[in-house]
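Remarks on the structure that follows.
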Amino acid sequence: MAATEHYLEHEDLHPIDIVETLAEHHDWDFDRVADDQIAMAVEGQWRTYSITLAWSPFDETLRLICTFEMEPPEDKLPKLYEALNRTNDMCWNGAFTYWHEQRLMVYRYGLVLAGGQMAGPEQINRLIASAVSNAERYYPAFQLVTWGDRDVESAMQVAIAEAYGRA
């Protein structure tokens with residue numbers, strides 16, 4: 001039975017229960033922080049990403065936060081912020097920000113499920129995959145502007161030039 005099939009019969013599933021089952025299915029390390037929150041580690045090509053999903057019944061939103069450490073030199077922060085603005089112009093779902101005090105790059109997304117809507121396992125799986133995909137896509141550009149002395153335009157070309165297929 002697929003990881004998503006056994007949910008089809010249940011209507012009142014908590015979104016974090018679905019996330020926990022997906023984490024088990026993918027063999028991700030996770031910690032059920034609270035009834036409404038789960039944290040997990042998802043391995044990518046460039047990094048291991050810390051992903052937290054939290055359900056807010058107040059505004060009926062499933063919030064995703066994907067973080068990874070980044071410690072740019074202080075003098076490179078203006079270029080990093082410019083790259084973040086360019087990146088967010090290209091991201092249709094979610095947005096990046098840099099939490100300077102914690103030295104973390106952050107990708108955030110909120111899935112609004114107002115009116116008693118429920119996210120399905122496929123939708124939540126896609127939400128997580130999209131976060132990792134965006135982090136993987138833009139990570140090299142962020143590194144190039146902060147450590148590679150590349151201008152923002154050329155660094156963003158690396159993110160824009162997605163590879164198709166394998167050599």
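Sum -39500 (n - 2.57) across every DSSP H segment of at least 4 residues in the chain, then divide by the residue count to get the 222 nm mean residue ellipticity, nearest 500. Mind showing how you got there, number by number?
Numbers: 4 runs with 61 residues, N = 167.
Value at 222 nm, helices only: -12000 deg cm²/dmol.
Using every alpha carbon pair in region 57-99, what percent of pairs falls into each 10 Å bin from 0 up to the bin containing the largest distance?
P(r) for region 57-99, in whole percents per bin: 22, 45, 24, 9, 0.
Run the accessible area of region 97-138 with a 1.4 Å probe and give the carbon-and-sulfur part as a rounded percent.
Values: 940 of 2030 Å².
It is 46 percent, rounded to a whole number.
If one takes the longest principal axis of the Cα atoms in the chain, at what angle in degrees, from 0 to 90 and to the nearest 10, does the Cα axis of helix 15-26 lie?
For helix 15-26, the angle is close to 70 degrees.
Would you mind computing, in nm to one decimal, how far apart the modelled labels at HIS26 and TRP99 are, each placed 7 Å from Cα along Cα→Cβ?
Calculated label separation equals 1.9 nm.
Express in nm, to one decimal, how much length is gained between LEU13 and ASP149 on full extension, taking 0.36 nm for each residue of separation and deducting their alpha carbon distance. Walk me through the numbers on the way to the answer.
Numbers: separation 136, 0.36 × 136 = 48.96 nm, distance 4.86 nm.
Going from the current span to full extension adds 44.1 nm.
What Rg and what Dmax come out for region 84-167 when only alpha-carbon atoms are used, in angstroms?
When restricted to the Cα atoms of region 84-167, Rg and Dmax are 15.2, 49 Å.
Hey, what's region 39-167 come to in accessible area per residue, 1.4 Å probe, Å²?
Numbers: 6990 Å² over 129 residues.
I get 54 Å² per residue for region 39-167.
How large is the charge dipole for the chain, taken about the Cα centre, if only the Cβ atoms of Lys, Arg (+1) and Asp, Glu (-1) carry charge, to the nearest 20 debye?
On the way: 12 positive and 28 negative charges, 146 e Å.
Rounded to the nearest 20 debye, it is 700 debye.
With 19 Å as the cut-off, how large is the P(r) tail for the chain, expressed as percent of Cα-Cα pairs? If you can, show how the numbers build up before the last one.
Working: 8112 of 13861 pairs.
Percent of Cα pairs beyond 19 Å in the chain: 59.
Might you work out the accessible area of HIS26 for me, using a 1.4 Å probe with all protein chains in place, and round it to the nearest 10 Å²?
Surface open to solvent at HIS26 totals about 70 Å².
Pairs of alpha-carbon atoms within less than 8 angstrom and 6+ residues apart define the contacts here; what relative contact order does region 31-167 have, in percent?
Numbers: 190 pairs, mean separation 30.6, N = 137.
Relative contact order of region 31-167: 22 percent.
The values are calculated or read from the model by the stated rules, or taken from the named source; none is laboratory data. Values in this document were obtained by computation on a predicted structure and should not be read as measured data. Neighbour counts are summed over all protein chains in view; Cβ atoms, including those assigned to glycine, are modelled from backbone coordinates with ideal geometry. Just so you know, the surface numbers come from the protein's heavy atoms only, side chains and all, with ligands and any DNA or RNA stripped out. Shrake-Rupley method; radii C 1.70, N 1.55, O 1.52, S 1.80 Å.
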